[in-house]
Amino acid sequence: MKFLIINGPNLNMLGIREPGIYGKQDFAYLLDYVKQACDDAGVECETFQSNHEGAIVDRIQEAYGKIDGIVINPAAYTHTSVAILDALKSVGIPTVEVHISDINSREEFRKHSYVSLAAKKTIAGHGIPGYREAILWLADELRK
Ligand code: CA2
């Protein structure tokens, strides 16, 4: 089983600012953490980060027929991107949406997620461990 872990814009800047919201760990830590979680779940994993909406759409399309599950933190595109929503719907790959912060207890505009319309589950506000929850949950779900 192979998972694709997608991170959207500015997540490569983790740990640099706003530790009160996103924690102190940097993006390299997040990638190591995600790879360990995939090992523990017994799944292969590829990671992808981009600051560009179209690049994320392209990567989702490339996953068609090759990837069994997607874990995505679309970052700011969560709240704006019909294109990423449509890409996820077009490939039909089981997807879990993750947010480090609790998007429901922040600004009003963060409460709406387009991507959640294509996700089997959304995990928000659990910090970086939310990625592990997503990976383990999706692996269990796909083995049912
Ligand atoms: O909580 C999350 O994981 C978010 O997806 C993170 C996004 C934000 O736009 C979403 O509403 C919620 C932001 C990504 C990273 O932003 C940084 C800001 C300052 C310093 C480092 C990263």
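The values are calculated or read from the model by the stated rules, or taken from the named source; none is laboratory data. Only a predicted model underlies this, so the values are computations on that prediction, with no experimental measurement involved. Here Cβ is always computed from backbone atoms with ideal geometry, including for glycine, and neighbour counts include all displayed protein chains. Note: areas computed on protein heavy atoms with side chains; ligands, DNA, RNA excluded. Shrake-Rupley method; radii C 1.70, N 1.55, O 1.52, S 1.80 Å.
Of (1) within 16 Å of the ligand (Cβ to nearest atom); (2) of a type outside the set (Gly, Ala, Ser); (3) closer than 13 Å to residue 6 by Cβ; (4) open to solvent by 40 Å² or more (accessible area, probe 1.4 Å), residue 115 satisfies all except one. Which? For residue 115, the failing item is (4). Residue selection: residue 90 satisfies the criterion of being surrounded by fewer than 19 Cβ atoms within 10 Å (Cβ to Cβ), more than 13 Å from the ligand (Cβ to nearest atom), assigned to a helix (DSSP H, G or I) and touching a residue at least 12 places away in the same chain (Cβ under 8 Å). The set of residues in the range 57-74 that are under 13 Å from residue 89 (Cα atoms), outside any helix (DSSP H, G or I) and among the β-branched types (Val, Ile, Thr) contains only 70. Looking only at residues in the range 37-86 that are farther than 20 Å from residue 114 by Cα and free of Cβ contacts under 8 Å to residues at least 12 places away in the same chain, the one that is least open to solvent (accessible area, probe 1.4 Å) is 65. For residue 22, the test of being touching a residue at least 12 places away in the same chain (Cβ under 8 Å), within 13 Å of the ligand (Cβ to nearest atom) and over 21 Å from residue 86 (Cα atoms) is passed.
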